[in-house]
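The values are calculated or read from the model by the stated rules, or taken from the named source; none is laboratory data. This one's a predicted model, so the numbers in the text were calculated from it and none came from an experiment. Here the Cβ positions follow ideal geometry from the backbone for every residue, glycine too, while neighbour counts run over all protein chains shown. Protein only, heavy atoms only, side chains kept; ligands, DNA and RNA dropped before computing areas. Shrake-Rupley method; radii C 1.70, N 1.55, O 1.52, S 1.80 Å.
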Amino acid sequence: MENRVIGILAHVDAGKTTLSEQVLCHAGVLRTPGRVDHGDAFLDAHPLERERGITIFSDQAVFERDGLRVFWVDTPGHADFAAEMERSVSILDLAVLVIDGAEGVQSHTETIWSLLEAYRVPAVLFVNKTDRPAFDAEKMLAQLKRRLSPDVVDLCGWRGGDMPQSLAESVAERDEALLDRLLSEGYAPLPWLAGLRDELRRCLLFPVCFGSALNDSGVGEFLDALCLLARGWAPSPSEGAPLSARAPGSAEPFDALVYKVRRDAQGARLCFFKVLSGTTAARREVRLPDGSVAKLNELRLYSGERFRPLTQAEAGMLCAAPNLPGVRPGDHIRDTAAPVGAEGFSRNPFRIEPMLAASVSCPQAPVSKVLESLRQLEDEDPSLSVVYSEATGGIDLRVMGPIQLEVIRRLMQDRFSLSVDFGPMRVLYLETIAAPAVGVGHYEPLRHYAEVQLRLVPGPRGSGIAFESKCHVDELALNWQRLIETHVFEKVHKGVLTGAPLTDVKVQLLHGRAHLKHTEGGDFRQSTYRAIRNALMEARSVLLEPICRFTLRGPQDSYGRVMADLTRMRAVLEPPSLDGERFTLTGEAEFAQFSGYNTDFLAATHGHGALSYRLDHYAPCREPEPVIEAAAYNPLADDTPDSVFCAHGAGYTVPWNEVKAHAHCPVEEA
């Protein structure tokens, strides 16, 4: 039996959950479909989802149909939970993109489409709400071709057998062999079906179906066509195809991608993963990303909130395993024979990142308890990036928007009995350096010893933090060097301008020294932190601000006012696109300038405009001085750049600007 992971995605209120319920009903998972407004949707089981009427957490159902085992993944539609959606997109073989037939392609729809393109996920479109008076099939199809892809093709109600002529011609247009055959021999069902499947798999063609999920109109036909199209795929990894399922029983080594971390009803930590190749079984050992080995004590196959135990998981399946230590979304787990650091073994980077931050307060509980609870939420949603300041006792979160904050507030109350408040959301800045800088960290209180010398080198924009050792093992043993590397990555290091996270820096280990008797692991943690901070105090620091990429659409009578607004915000625009009575503007802008524009834009377009934006990259801040002044950050009151030396049996502190003169290793130039 072939395994397929099919995800359903949509702009909020497009009818995604309603369609999902109808599909699961037709597939035999449900006796009757649930409804969002009734609060009984099968895959929106969390109380928060039923109260708000939106999908917040991705969830899955499993059914078998026409020779397929389908893992049906429901994803959030609201932009505040786009990071959760992306983690699900990373494991999809095929996507179902739902379009509101009355509203058409909306702002978040295009964001989802860009994400599917980035991950090279094939997509089938379902235009919903075709019973609405505003729906026009021809106009909708033209809009899909114009705003999503010219390769959108109407299935014309086809669900097997002979294809309608227009569909057969569309398939032949994208396959020279089929086109020659059409002209010489005419149409034949089997080659054309194989061609359609292949073109869908390779993202050369995107079929579209029409229907009304609420009225169960066209849903059965859509499911038949979907399963027919999803069968018989046979890609190879060299093609770069998104389908990662292999034939059961293949001899390929086991490799799996973790896409979700949750807690079950008993509080056990669950890692959900997709088997990319090979097979695994309960009680089998696997290699974790840090190189350690752990046992899969149990395998579970989830469908909604229910699960059944699995003895073996094949390629292409989604399953869960409890208590895999330290594994997070984006990590690979592999066969124990896989070498540590093998290609594809490290964490997959995600594209969607928050551009906002908010401080957390909870006066009635110890900071340690609040931090521990937030760390558990961060474990499930890594994009939160919880940051704690030991100097101030403050806690910051990275967030996508206000609705996500409300969800976090409720989760903290329900799961940990903590009532938390949040400060005003603010733009999330980052810091980097403009030129290399060398720092020394020395930690030598009585009966402790470690010294580390690091060079910080500017990295390419968007590269994050990297590590490189230039220290010979004769000077510092390899185990200590690896420990230093661990300490570089185990926390978010702060810049010295505003205390914003440090990024786009390569950390080079130049020298290090340990003591045969007195050095402990924690000593190198202290010296590594101090060396990084010491280098930053001497570096030419640069404040980075988020730059968003936006798309605006509105009626032409509002074009002048919108252009004036964008000019005021110093936006960089591409040539405008005019379509009948509407205009489209795309470009880039500083998020600090653009983030609050939605209200003014809707006013300028009299409520008839559509606005979408996403983080594109970080760039040097155009006006850093006001931001730095407002932060009022004291770099000496936070992570210390000073060092601790020892003399006459006692430790003493050396200020950061005098450390190099006391260093035991020779200090290199930057």
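One table, with the values for the structure above:
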| read-out | value |
| --- | --- |
| Principal axes of the range 404-455: Cα extent on each, largest first, Å | 45, 37, 14 |
| Helix 478-489 axis, angle to the chain major axis (alpha carbon atoms, nearest 10°) | 60 degrees |
| 10 Å-binned pair-distance histogram of the range 428-486 (Cα, whole percent) | 16, 44, 30, 9, 1 |
| Residue-wise HN-Hα coupling along the range 140-157, computed from phi with Karplus coefficients 6.51, -1.76, 1.60 (Hz; x: Gly, Pro) | 5, 4, 5, 5, 4, 5, 6, 9, 10, 6, x, 8, 5, 10, 6, 6, 6, x |
| Charge dipole of the chain about the Cα centre (unit charges at C-beta), most positive-ward option of GLY53, ASN634, VAL367 | VAL367 |
| Test item: Cα-centred dipole of the chain, Lys/Arg +1 and Asp/Glu -1 on Cβ, debye | 1220 debye |
| Orientation-averaged projected area, Cα convex hull of the range 486-576 (nm²) | 9.5 nm² |
| Using a Förster distance of 41 Å, the FRET efficiency for VAL367-HIS648 (Cβ separation, nearest 0.05) | 0.65 |
| Neighbourhood net charge (10 Å Cβ-Cβ; Lys/Arg +1, Asp/Glu -1) for GLU173 | -4 |
| Kirkwood Rh, Cα atoms: Rg over Rh of the range 506-631 | 1.28 |
| Rh by Kirkwood over Cα pairs, then Stokes-Einstein D for the range 352-433 at 1.002 mPa s and 20 °C, µm²/s | 166 µm²/s |
| Accessible surface of HIS518 - all protein chains present, 1.4 Å probe, nearest 10 Å² | 60 Å² |
| Cα gyration tensor of the range 74-186 - equivalent ellipsoid semi-axes, whole Å, descending | 29, 19, 12 |
| FRET efficiency, 1/(1 + (r/R0)^6) with R0 25 Å, evaluated for ARG50 and SER417 via beta carbons | 0.75 |
| Carbon and sulfur %, accessible surface of the range 486-553 computed with the full protein complex present, 1.4 Å | 47 percent |
| Stokes-Einstein D in µm²/s, Kirkwood radius over Cα pairs - the range 1-144 at 25 °C with 0.890 mPa s viscosity | 159 µm²/s |
| Separation of the ALA337 and ARG540 label points, Cα + 7 Å toward Cβ, nm | 5.3 nm |
| log10 of Debye I(q)/I(0), alpha-carbon scatterers only, for the range 20-103 at 0.21, 0.23 Å⁻¹ | -1.13, -1.30 |
| Accessible area per residue in Å² at 1.4 Å probe, computed on the chain | 43 Å² |
| Partner lysines for LYS260 [C-alpha distance under 29 Å; skip if fewer than 8 residues away on the same chain] | LYS16, LYS274, LYS295, LYS369, LYS491, LYS494 |
| Nearest 10 degrees, 0 to 90: helix 402-416 Cα axis against the chain principal axis | 70 degrees |
| Protection proxy ranking of 179-186, 354-361, 306-313 - average other beta-carbon atoms within 10 Å, highest first | 354-361, 306-313, 179-186 |
| Diffusion constant of the range 300-437 at 10 °C, which comes from Stokes-Einstein with the Kirkwood Cα-pair radius and 1.306 mPa s, µm²/s | 88 µm²/s |
